[in-house]
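All remarks here apply to the structure that follows.
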Amino acid sequence: MGELAELGSTTRGVWTRKQALAVTTRGRIDALVRRGEWQAPWSGVYADGGYALDLEQRGFAAVLASGGGQPHRDIHGKEVVAAVACGRLAARLHDLPLVDDRDPATGGREHLLDDVALRWGGSPLHSTTSDGQTRTLTRHRRRYTAEQVLQLPSGLHVTSYAQTLVDCALLLQSDSLVCLLDALLHRELLSTADLDVLVRQQRWQAGLTPLREAVRLADGRAESPHETLVRLVLKPHLPGLEPQQRLYDESGRILARFDLADRRLRLAVEADGKAGHAGTRMAARDQRRDRISDARGWRTERCVWFETRCRQKVLVARVLATARDQERRHTLS
């Protein structure tokens, strides 16, 4: 029993069938899985049963299922890593937003997709979740340099921030890619200078067009994916909208800070979260701020997640109607 307890001690409590067979029998392994004492996130990979794997454990499971784990020496004596968490899996490990992960509006299923990089690639792996959904592990053919891979304190190897962005340019929808890039810029994990270098380095690589377009549309002032999405929907129609605009009183005190605002029109746009600004206290604060800005000739439009994702034409029409009202109002005043 003591030997079983040692399994996964260096890989966050995740281990392979080969490791298990070194200390127990096939029959016992199968029995432990049947009884639910062990779970198998991927074929041939195990963890203790009865709980959901955290992100790093999910990363180790993907890497181990692809023959990875600890670095080893190749035939030339060079240290190499057999498998590296990349793409969507790397984005999650870096706490970067994936707007289609469990999106309550669109029913996005990207949370069921993981990516790992292998030197020679491999066929996808599939497994079934407890609620009957199919998870897919895509194993990409990638060869990274030392600068393109980071090792987390847990020992898990994952692509760098820049390489994760490059890989996701081939995997994500354009608006999702801009959300990820905005987060990198806002958290100062990449700079605009870094992006210039990155685009030049990728000029002969697949994925350059979506990457270049994302760089063109990115704005590191966005403080949430929803702010990014609202900007992408509205700015083509209202080019005067700028992120994180402040409203001051005559003494220079900040009265309000808007997610997006057009100063000429005195039009503000607020991107409420997925759950909305629920609760009496939050609603009262929003109403108080809106009254203060209204008294100074401003109008505020609030966008909820569902309409930003699923009712974009309705959202654009509503905000444009308010913009026209503001235009007439200030023309007459």
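The values are calculated or read from the model by the stated rules, or taken from the named source; none is laboratory data. On a predicted model such as this, the values are computed, not experimentally measured, just so you know. Because the Cβ atoms are built from the backbone with ideal geometry, glycine has one as well, and the counts that use them run over all protein chains shown. Protein only, heavy atoms only, side chains kept; ligands, DNA and RNA dropped before computing areas. Shrake-Rupley method; radii C 1.70, N 1.55, O 1.52, S 1.80 Å.
Restrict the check to the range 308-321 and report whether at least one residue is over 18 Å from Leu229 (Cβ atoms), open to solvent by 10 Å² or more (accessible area, probe 1.4 Å) and either assigned to a helix (DSSP H, G or I) or at pLDDT below 85 (or both). Talk me through it step by step, then tell me what you get.
Quick first cut of the range 308-321, residues over 18 Å from Leu229 (Cβ atoms) only: 321.
Still in the running and open to solvent by 10 Å² or more (accessible area, probe 1.4 Å): 321.
Then keep just the ones that are either assigned to a helix (DSSP H, G or I) or at pLDDT below 85 (or both); that gives 321.
Yes.
Condition check ((1) assigned to a loop (DSSP other than H, G, I, E, B); (2) at pLDDT 95 or above; (3) surrounded by 19 or more Cβ atoms within 10 Å (Cβ to Cβ)) across all residues:
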{"position": "Gln163", "(1), (2), (3)": "no, yes, yes"}
{"position": "Leu180", "(1), (2), (3)": "no, yes, yes"}
{"position": "Leu190", "(1), (2), (3)": "yes, yes, yes"}
{"position": "Val197", "(1), (2), (3)": "no, no, no"}
{"position": "Gln205", "(1), (2), (3)": "yes, no, no"}
note = Taking the range 140-182 and keeping residues touching a helix residue (DSSP H, G or I) at 6+ places or on another chain (Cβ under 8 Å) and among the β-branched types (Val, Ile, Thr) leaves Val149, Val158, Thr159, Thr164, Val166, Val178
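Would a scan of the range 89-105 turn up a residue that is among the basic types (Lys, Arg) and at pLDDT below 95?
Scanning the range 89-105 turns up at least one residue that is among the basic types (Lys, Arg) and at pLDDT below 95.
Can you go through Ala105, Ala117 and tell me which one is touching a residue at least 40 places away in the same chain (Cβ under 8 Å), surrounded by 13 or more Cβ atoms within 10 Å (Cβ to Cβ) and touching a Phe, Trp or Tyr at 6+ places or on another chain (Cβ under 6 Å)? Before the answer, list the steps.
Working: Ala117 fails: touching a Phe, Trp or Tyr at 6+ places or on another chain (Cβ under 6 Å).
Of Ala105, Ala117, the one residue that is touching a residue at least 40 places away in the same chain (Cβ under 8 Å), surrounded by 13 or more Cβ atoms within 10 Å (Cβ to Cβ) and touching a Phe, Trp or Tyr at 6+ places or on another chain (Cβ under 6 Å) is Ala105.
Name the single residue that is least open to solvent (accessible area, probe 1.4 Å) among those in the range 120-135 being part of a strand (DSSP E or B) and in contact (Cβ under 8 Å) with a residue 12 or more places away in the chain. Show your work before the answer.
Filtering the range 120-135 for residues part of a strand (DSSP E or B) gives 125-128, 134-135.
Next, only the ones that are in contact (Cβ under 8 Å) with a residue 12 or more places away in the chain stay: 125, 127, 134-135.
Values: Leu125: 43, Ser127: 18, Thr134: 75, Arg135: 36 Å².
The extreme case among them is Ser127.
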Test: Thr138 is in a strand (DSSP E or B) and buried (at least 16 other Cβ atoms within 10 Å of the Cβ) = yes
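Collect the residues in the range 250-263 that are surrounded by 11 or more Cβ atoms within 10 Å (Cβ to Cβ), without any contact (Cβ under 8 Å) to a residue 60 or more places away in the chain and of a type in the set (D, E, K, R), keeping them in residue-number order. Let's see the steps before the verdict.
Narrowing the range 250-263 to residues surrounded by 11 or more Cβ atoms within 10 Å (Cβ to Cβ): 255-263.
Retained after the next criterion (residues that are without any contact (Cβ under 8 Å) to a residue 60 or more places away in the chain): 255-261, 263.
Listed by number, the residues that qualify are Arg257, Asp259, Arg263.
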